[in-house]
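Readers should treat all values here as calculations from the given coordinates under stated rules, not as data from a laboratory. This structure is a prediction, so every number in the text was calculated from the model and none was measured. Cβ: placed from backbone, ideal geometry, glycine included. Neighbour counts: every protein chain shown.
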Amino acid sequence: MRRPTGAGCKLPSENSLKRRNKGGDNMSDVRSPKKISGDKREDSQKKAWRRIVERSATMKPTIWIGKNGVTKTLIGQVVAQLKANKIVKLKVQRHLAETESMRDIVGKILKASNSSLVNVRGRTFTIYREHQGD
């Protein structure tokens, strides 16, 4: 079957296909390595994680990462908000996202705050950390 062509039908350019198919650009290697299997005992964990993901989708960013990037002050603020709320949504300024990769930014924050990645959408990402007995 032939694909229709015309004013309303536009084929994707080679550049747009290359951007979509960047081999190692996904964030799967940054995400938490723990897998939640199909075991019945772990259904509650799956449901809890699903609630966290749903909650992150409706949240507004609470921390903006500016031109200075990941600093000690920023990490301190992230840790304080994680302690209070367990979940934090961060947004990276466009200029910083162009100069430094999102993978590096997210990796630094996850390592410094000892948290897990929930979701990444463009320049916005959400992290989560269980409350720890202090």
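Can you tally the net charge around Gln93? Count Lys and Arg as +1, Asp and Glu as -1, for every other residue whose Cβ sits under 13 Å from the Cβ of Gln93. Combined, the nearby Lys, Arg, Asp and Glu give +2. Cut-off 20 Å, label point 7 angstrom out along Cα-to-Cβ of Ile75: give me the residues of the stretch 97-115 whose amide nitrogen falls inside. Under 20 Å, as judged by backbone N against the label point of Ile75, lie 97, 100-115 of the stretch 97-115. The distance between label points at Lys86 and Glu130 comes to 1.1 nm (points 7 Å beyond Cα on the Cα→Cβ vector). Note on Asp104 and Asn68: the model spin-label points, each 7 Å out from Cα along the C-beta direction, lie 1.9 nm apart.
At 10 °C and a viscosity of 1.306 mPa s, what translational diffusion coefficient does Stokes-Einstein give for the stretch 65-134, taking Rh as the Kirkwood radius over Cα pairs? Give it in µm²/s as a whole number. Don't skip to the answer; put the middle values down first.
Numbers: Rh = 12.2 Å.
Using the Kirkwood radius from Cα pairs, D works out to 130 µm²/s.
Normalising the Debye intensity of the stretch 43-84 to I(0), with uniform scatterers on Cα atoms only, and taking log10 at q = 0.32, 0.34 Å⁻¹ returns -1.04, -1.07.
How much net charge surrounds Thr58 when only the other residues with a Cβ under 13 Å from the Cβ of Thr58 are counted, with Lys and Arg +1 and Asp and Glu -1? Net charge around Thr58: +4. What is the sum of charges around Phe125, taking Lys and Arg as +1, Asp and Glu as -1, for the other residues whose C-beta is under 10 Å from the C-beta of Phe125? Surrounding charge for Phe125 is +4.
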